[in-house]
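Input: a single structure, listed below in structure tokens.
The values are calculated or read from the model by the stated rules, or taken from the named source; none is laboratory data. Everything numeric in this text was worked out from a predicted model, so none of it was measured. For neighbour counting, all protein chains shown are included, and Cβ atoms are generated from backbone atoms with ideal geometry for every residue, glycine included.
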Amino acid sequence: MIIGFMRNFKNPPEMAYLTAKMAAFYDVKILYLRPKDIDIKQNIANGKILVGNKWIRKQTKLPKIIDISPYCFKKKNRHIMNYLRENSYLTDNRINIISKDKLQEHMQRDNELSHLAIPTIKYNTIKDLTNQIKKYNIVVMKPISGERGKGIYIISKKGRRYIIGHNKEEYIVPRRKLKKFFQNKINSNYIIQKYISSRALNGDPFDCRVHFEKNGYGKWVIAKIYVRIGIGQKVISNMNQGGAMAEPKGFLKANYPDKWKGIYQKLLNLRNVFPRKFEQLRGTDIMTLGIDVGIDHSGEIYVFEANGAPATAALRAEAVDLRTQYYKYLIDNQIYQK
């Protein structure tokens, strides 16, 4: 059977190549596609199939199953995406997307997730910001639709001045100039969160990425857990700003010597609840999910945000293995017909 593999890249990326190689083990062929390769009128796809080590142009009927990147759901592709939703099984149909603020609201209301939630409000005026700082002392502002740590600020108050951290920079701003400082930087599409001090012993911010995938039985498993460290950064562990990556057990042993076993078990236990609950919130099946988890000084864990298109650079082998198993599960159980 042919499985579609849809991305925006002109040429198939390495992930497509590895997936095609592994899928062949299950007698499954991968057809690399872009949204523009779909012919709605004729219900066909003009993609590429890997023959040996070379991608060859191939025209087929529209695949019944398509592994699709959320980044394909652009405004210019809307009519194609609507067509695919009706005529193929998509590993993520992008229906009922959960924003950062809505995710925190849902978690706060859920008995199984409330301990992971962070107090969050939507930003409307500068008074919202000053009130939250007064309440929590330190807060974080982040864009609702932001990704990869862009546009995030950490703000606290010292006397009559506000201390603002952004990337590797720090600014000291008097109250009367606070609004002007943020005037061209943020808008109503921002949220304000209580600051969770997730920092290593040397002061660098960090978070744990817990990457979930579905396996050959259609069940959620943890593909990998890894720690992202923001070396010299003020706010978050942004790998694009010179961060580093660490193995979780070693990092936890070094920074939480008396608590690391319990913390690590809490991270493992997330697989039993979080992806299932997230799918329920979305009201649709998905194949992959990454969540960013902070750990405070006492060893409590908090979910910063969830990502429906988590990066795979740190776990390509694990992701390819699990995803090809899941393709086979979808085919064998004819999920696409449902």
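Would you check if there is a residue in the stretch 263-278 being outside any helix (DSSP H, G or I) and at positive phi? No, the stretch 263-278 has no match at all. Checking each residue in the stretch 118-138 for being in a helix (DSSP H, G or I) and not hydroxyl-bearing (Ser, Thr, Tyr) picks out 126, 127, 128, 129, 131, 132, 133, 134, 135. When only residues in the stretch 298-311 that are at negative phi and surrounded by fewer than 19 Cβ atoms within 10 Å (Cβ to Cβ) count, which is nearest to the chain's Cα centre (by Cα)? Looking at residues that are at negative phi and surrounded by fewer than 19 Cβ atoms within 10 Å (Cβ to Cβ), I get 307. Of the residues contained in the stretch 98-117, none is found to be outside any helix (DSSP H, G or I), over 20 Å from the mean Cα position of the chain (by Cα), among the small types (Gly, Ala, Ser) and farther than 30 Å from residue 161 by Cβ. Residues considered: 21, 54, 41, 10. Of these, the only one that is more than 21 Å from residue 318 (Cβ to Cβ), in contact (Cβ under 8 Å) with a residue 12 or more places away in the chain and of a type in the set (Lys, Arg) is 10. For the stretch 114-133, filtered to residues that are of a type outside the set (Val, Ile, Thr) and touching a strand residue (DSSP E or B) at 6+ places or on another chain (Cβ under 8 Å), the residue that is nearest to residue 263 (Cα to Cα) is 116.
Counting only strands (runs of 3 or more DSSP E) that sit completely within the stretch 1-77, those holding 2 or more residues that are farther than 25 Å from residue 310 by Cα correspond to 44-51, 54-61.
Residues in the stretch 57-73 that are free of Cβ contacts under 8 Å to residues at least 60 places away in the same chain and either among the charged types (D, E, K, R) or surrounded by fewer than 18 Cβ atoms within 10 Å (Cβ to Cβ) (or both): 57, 58, 59, 60, 61.
The rows are residues; the columns are (1) part of a loop (DSSP other than H, G, I, E, B); (2) β-branched (Val, Ile, Thr); (3) surrounded by fewer than 14 Cβ atoms within 10 Å (Cβ to Cβ).
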{"position": "155", "(1), (2), (3)": "no, yes, no"}
{"position": "162", "(1), (2), (3)": "no, no, no"}
{"position": "180", "(1), (2), (3)": "no, no, yes"}
{"position": "202", "(1), (2), (3)": "yes, no, yes"}
{"position": "208", "(1), (2), (3)": "no, no, no"}
{"position": "212", "(1), (2), (3)": "no, no, no"}
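Rundown of residues vs (1) β-branched (Val, Ile, Thr); (2) within 22 Å of residue 152 (Cα to Cα); (3) out of contact with any Leu (no Cβ under 9 Å at 6 or more places or on another chain); (4) surrounded by 16 or more Cβ atoms within 10 Å (Cβ to Cβ), yes/no style:
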site: 263; (1), (2), (3), (4): yes, no, no, yes
site: 279; (1), (2), (3), (4): no, no, no, no
site: 293; (1), (2), (3), (4): yes, yes, no, yes
site: 296; (1), (2), (3), (4): no, yes, yes, no
site: 313; (1), (2), (3), (4): no, no, yes, no
site: 325; (1), (2), (3), (4): no, no, yes, yes
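Is it true that some residue in the stretch 89-97 is in a loop (DSSP other than H, G, I, E, B), within 21 Å of residue 273 (Cβ to Cβ) and of a type in the set (A, V, I, L, M)? Looking through the stretch 89-97, at least one residue is in a loop (DSSP other than H, G, I, E, B), within 21 Å of residue 273 (Cβ to Cβ) and of a type in the set (A, V, I, L, M). Of the residues in the stretch 179-196, not one is closer than 23 Å to residue 297 by Cβ and out of contact with any strand residue (DSSP E or B) (no Cβ under 8 Å at 6 or more places or on another chain). Contact annotation: residue pairs with Cβ atoms under 7 Å, 6 or more positions apart or on different chains, pairing a residue in the stretch 295-312 that is free of Cβ contacts under 8 Å to residues at least 60 places away in the same chain with a partner that is among the basic types (Lys, Arg) and in a loop (DSSP other than H, G, I, E, B), are 299/259. Exactly one residue out of 299, 290, 262, 250 is in the same structural domain as residue 226 (by TED's automatic domain parsing), modelled with pLDDT of 95 or more and touching a Pro at 6+ places or on another chain (Cβ under 7 Å): that is 290.
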